[in-house]
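The values are calculated or read from the model by the stated rules, or taken from the named source; none is laboratory data. In this text, all values refer to a predicted model and were calculated from it rather than measured experimentally. Glycine gets a Cβ as well: all are built from the backbone with ideal geometry, and neighbour counts include every protein chain shown.
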Amino acid sequence: MQIGYARVSTDAQDLTTQRELLAAAGCQRIFAEKITGTRADRPELARMLDHLRAGDVVTVTSLDRLARSTRDLLDIAERLQAIGAGLRSLSEPWADTTSPAGKMVLTVFAGIAEFERSLIVERTRRGREAARRRGVQFGRRPALTPAQVSHARELLAEGRAVPEVAALLNVHRATLYRALERSELRNGSPDLRQPSV
């Protein structure tokens, strides 16, 4: 069965042309919606995917009506393949997974997308390593500054109780314990015993 999918981004746009082209292409049923392509939750697209059976062919006027990105297109194509359904685009005849050439093109796209992802991961890793070498710290900012930790040590050395010092610094006592331990690790001190309460 030929299943059509049509989409426009705004209410002001008209679905008539897409519907006519899909009907002329032999689509017996057309799922259509007015929703921006940047949204992942497209109700009619989800309904269409649930409706599909093995042997069905999803037809679109162009691939940008169906997918938000190359990765999104490949994900949808994989779902169709898992169902046993095909995909074809009226504007991009090479994107016809019912033909061996179309399957090959999408396989090449998948390889390129995977390669792009691995490049991004590698660039991100190198960037983080370079930033660390420059002294940039990642993650959440510590609740206590080194000066506050030093002040806390002084107060504890004077005999103040941990809950009292934590309250003065406006943190939970567990946060104070962790800050003291991290400080000792950075200073290379082997003594990681918690201060007495």
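Whether a residue is surrounded by 10 or more Cβ atoms within 10 Å (Cβ to Cβ), under 28 Å from the mean Cα position of the chain (by Cα) and of a type in the set (S, T, N, Q) was assessed, and THR98 does not pass this test. Close Cβ contacts (under 8 Å, 6 or more residues apart or on different chains) running from residues in the range 28-46 that are within 18 Å of THR17 (Cα to Cα) to residues that are loosely packed, with under 11 Cβ neighbours inside 10 Å and β-branched (Val, Ile, Thr) comprise LYS34/THR10; THR36/THR10. Any chance the range 110-129 includes a residue that's under 26 Å from the mean Cα position of the chain (by Cα), within 17 Å of MET1 (Cβ to Cβ) and part of a helix (DSSP H, G or I)? Taking every residue of the range 110-129 in turn, none turns out to be under 26 Å from the mean Cα position of the chain (by Cα), within 17 Å of MET1 (Cβ to Cβ) and part of a helix (DSSP H, G or I). Filtered by the rule that a residue be farther than 18 Å from GLY86 by Cβ and either not in a helix (DSSP H, G or I) or not assigned by TED's automatic domain parsing to the domain that holds ILE83 (or both), the range 40-69 gives ALA40, ASP41, ARG42, ARG68, SER69. Checking each residue in the range 115-159 for being basic (Lys, Arg) and under 30 Å from HIS172 (Cα atoms) picks out ARG132, ARG140, ARG141, ARG153. When residues in the range 1-27 are screened for being touching a residue at least 40 places away in the same chain (Cβ under 8 Å) and part of a loop (DSSP other than H, G, I, E, B), 2 of them pass.
Any residue at all in the range 112-120 that is β-branched (Val, Ile, Thr), out of contact with any Gly (no Cβ under 7 Å at 6 or more places or on another chain) and touching a residue at least 12 places away in the same chain (Cβ under 8 Å)? Checked against the condition, which is being β-branched (Val, Ile, Thr), out of contact with any Gly (no Cβ under 7 Å at 6 or more places or on another chain) and touching a residue at least 12 places away in the same chain (Cβ under 8 Å), the range 112-120 yields at least one hit.
Per-residue answers, yes or no, for (1) closer than 30 Å to ASP72 by Cβ; (2) at pLDDT 85 or above:
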{"residue": "THR97", "(1), (2)": "yes, yes"}
{"residue": "ALA101", "(1), (2)": "yes, no"}
{"residue": "PHE109", "(1), (2)": "yes, no"}
{"residue": "LEU156", "(1), (2)": "no, yes"}
{"residue": "ASN170", "(1), (2)": "no, yes"}
{"residue": "THR175", "(1), (2)": "no, yes"}
{"residue": "LEU180", "(1), (2)": "no, yes"}
{"residue": "LEU185", "(1), (2)": "no, no"}
{"residue": "SER189", "(1), (2)": "no, no"}
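Going through (1) in contact with a strand residue (DSSP E or B) (Cβ under 8 Å, 6 or more places away or on another chain); (2) outside any loop (DSSP other than H, G, I, E, B); (3) within 27 Å of PHE115 (Cβ to Cβ) one by one, GLY37 falls short only on (2).
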